[in-house]
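Below: one structure, written as structure tokens.
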Amino acid sequence: AQKVTQTQTSISVMEKTTVTMDCVYETQDSSYFLFWYKQTASGEIVFLIRQDSYKKENATVGHYSLNFQKPKSSIGLIITATQIEDSAVYFCAMRRTGGADRLTFGKGTQLIIQP
Amino acid sequence: NAGVIQTPRHKVTGKGQEATLWCEPISGHSAVFWYRQTIVQGLEFLTYFRNQAPIDDSGMPKERFSAQMPNQSHSTLKIQSTQPQDSAVYLCASSLDLGLGGNYAEQFFGPGTRLTVL
């Protein structure tokens with residue numbers, strides 16, 4: 001069984017700064033995908049970025065990047081130049097590779113961007 | 001392209017009544033997932049379909065929950081004899097078969113149906 005843990009319940013940072021959100025995972029699978037999703041105040045869940053376990057390079061999309069440390073089973077999300085609209089709940093998730101499969105989610109980290 | 005569509009957005013039922021939730025996946029997406037979100041449990045997997053066939057329903061409460069996908073353009077989640085503990089946001093997601101040995105892309109979520117059981 002897979003398990004995803006986000007220990008930071010809430011983070012507050014000033015606008016235009018960089019923030020890192022932590023996530024550790026457990027799995028018996030040799031190959032897997034790791035994801036970060038964002039849930040806005042309206043409840044919408046938006047896909048942000050994905051890391052393939054077999055890739056050593058950290059994924060980057062826009063002002064989102066990942067810090068993938070496979071030996072530590074860790075996948076941190078880094079947001080640079082934060083904006084007010086980045087305020088949301090961020091979920092880390094994972095699933096096995098090879099076909100469609102369920103996502104296992106962490107409990108989420110609430111990010112508050114202060115002006 | 002329209003995203004995943006879920007109807008209704010809100011539903012209130014009395015204890016013991018039936019609730020049917022609808023999902024229209026993104027056109028061309030062949031995998032459809034149902035999740036449930038509560039404050040206490042967070043985001044929980046319920047069930048999923050691939051090419052309309054049920055693949056995994058291990059997250060479904062067995063006695064009162066059922067899901068179907070009669071065609072590629074919609075799926076339903078039915079809850080019989082609803083109970084207050086069924087109150088949650090029910091989320092549908094879909095993903096695209098990338099055609100690379102059965103690999104699938106990331107899942108895209110609908111807006112959810114907020115079910116309140118009085």
Practice prompt. Can you work out which of the residues in segment B:81-118 that are of a type in the set (D, E, K, R) and outside any strand (DSSP E or B) is nearest to the other protein chains (Cβ to nearest Cβ)?
Written response: B:GLU106
Worksheet item: What pairs can you find where one residue is in segment A:38-57 and free of Cβ contacts under 8 Å to residues at least 24 places away in the same chain, the other is among the hydrophobic types (A, V, I, L, M, F, W, C), and their Cβ atoms are less than 6 Å apart, with a gap of 6+ or different chains?
Response: A:ARG50/A:PHE33; A:ARG50/A:PHE35
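Going by what's in this entry, would B:LYS15 be described as open to solvent by 20 Å² or more (accessible area, probe 1.4 Å) and in a loop (DSSP other than H, G, I, E, B)?
In short, yes.
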Worksheet item: Can we say A:TYR32 is surrounded by 14 or more Cβ atoms within 10 Å (Cβ to Cβ), within 11 Å of chain B (Cβ to nearest Cβ), among the hydroxyl-bearing types (Ser, Thr, Tyr) and within 22 Å of A:ARG102 (Cβ to Cβ)?
Response: no
Worksheet, complete the sentence: Of (1) more than 30 Å from B:HIS10 (Cα to Cα); (2) more than 14 Å from chain B (Cβ to nearest Cβ); (3) in contact (Cβ under 8 Å) with a residue 24 or more places away in the chain, A:SER10 satisfies every one except (1)
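Only one residue in A:GLU26, A:GLU57 is exposed (fewer than 13 other Cβ atoms within 10 Å of the Cβ), charged (D, E, K, R), farther than 20 Å from B:ASP56 by Cβ and more than 14 Å from every other protein chain (Cβ to nearest Cβ), so which one is that? Walk me through it before giving the result.
Working: A:GLU26 fails: farther than 20 Å from B:ASP56 by Cβ.
Being exposed (fewer than 13 other Cβ atoms within 10 Å of the Cβ), charged (D, E, K, R), farther than 20 Å from B:ASP56 by Cβ and more than 14 Å from every other protein chain (Cβ to nearest Cβ) holds for just one of A:GLU26, A:GLU57, which is A:GLU57.
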Worksheet item: Can you name every residue in segment B:1-12 that is under 14 Å from the mean Cα position of the chain (by Cα), assigned to a strand (DSSP E or B) and surrounded by 16 or more Cβ atoms within 10 Å (Cβ to Cβ)?
Response: B:GLN6
Fill in: Answer residue from segment B:36-66, given it is facing chain A (nearest Cβ under 8 Å) and closer than 18 Å to B:LEU96 by Cβ and is surrounded by the most Cβ atoms within 10 Å (Cβ to Cβ) among those
B:TYR48
Worksheet item: In segment A:77-101, which residues are surrounded by fewer than 23 Cβ atoms within 10 Å (Cβ to Cβ), assigned to a loop (DSSP other than H, G, I, E, B) and either among the polar types (S, T, N, Q) or free of Cβ contacts under 8 Å to residues at least 60 places away in the same chain (or both)?
Response: A:THR80, A:THR82, A:GLN83, A:SER87, A:THR97, A:GLY99
Discussion item. Return the residues of segment A:11-23 that are over 13 Å from the mean Cα position of the chain (by Cα) and open to solvent by 70 Å² or more (accessible area, probe 1.4 Å); say none if nothing qualifies.
Written reply: A:MET14, A:LYS16, A:THR18
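The values are calculated or read from the model by the stated rules, or taken from the named source; none is laboratory data. On a predicted model such as this, the values are computed, not experimentally measured, just so you know. Every residue, glycine among them, receives a Cβ derived from its backbone with ideal geometry; neighbour counts consider all protein chains shown. These accessible areas exclude ligands, DNA and RNA; they are computed on the full protein's heavy atoms, side chains included. Shrake-Rupley method; radii C 1.70, N 1.55, O 1.52, S 1.80 Å.
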